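Structure first, then comments.
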Amino acid sequence: MSTNVNKYHPTRSIFGDLDRWFEPFQAKFDLEKNDLFATDWTPAVDIRDEKDKFIIHADLPGVKAKDIDVSLEKGILTIKGERESEKKTEKENYVHTERSKGSFMRRFSLPDTVDADKIEANSQDGILELVLHKTSDSGARKINVGEK
């Protein structure tokens with residue numbers, strides 16, 4: 001296992017090699033690395049690479065579909081939104097709580113093979129599913145080098 005560990009993300013020390021495999025999808029401006037963005041919590045995501053598409057599942061418990069914003073700009077896919085809490089007038093005397101509320105954001109750099117016009121998004125039971133269809137043309141081509 002590599003020693004290249006991001007100290008700002010607690011699971012990277014455990015899953016460092018797996019995270020490096022997904023690095024092409026992580027945006028250069030990911031929240032764990034950028035102080036310009038402030039969020040209250042970071043949803044966990046799974047990314048699957050299939051033959052004709054990528055599938056992203058994001059855990060967004062308690063977030064309604066109308067409160068999720070998915071956008072794509074300059075090859076960066078952004079998932080953001082807010083999870084509201086119940087408004088109570090009485091004081092709450094929690095001893096311990098692990099449920100987060102407030103705003104969130106995740107960003108991912110998309111490979112050139114993603115067809116930006118065919119991204120699908122659905123939310124059900126606290127799971128956001130994004131289907132990113134691949135283009136048949138990767139845009140890569142061989143360039144012959146000649147001699148002078």
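Overview of values
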quantity	calculated
Number of the condition not met by residue 36 [criteria: (1) at pLDDT below 55; (2) outside any loop (DSSP other than H, G, I, E, B)]	(2)
Selection count where residues are in a strand (DSSP E or B) and either under 9 Å from the mean Cα position of the chain (by Cα) or surrounded by 15 or more Cβ atoms within 10 Å (Cβ to Cβ) (or both), scope the range 50-75	8
All positions within the range 105-134 that are among the hydroxyl-bearing types (Ser, Thr, Tyr), at pLDDT below 95 and either within 15 Å of residue 55 (Cβ to Cβ) or surrounded by fewer than 15 Cβ atoms within 10 Å (Cβ to Cβ) (or both)	113
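The values are calculated or read from the model by the stated rules, or taken from the named source; none is laboratory data. Values in this document were obtained by computation on a predicted structure and should not be read as measured data. Because the Cβ atoms are built from the backbone with ideal geometry, glycine has one as well, and the counts that use them run over all protein chains shown.
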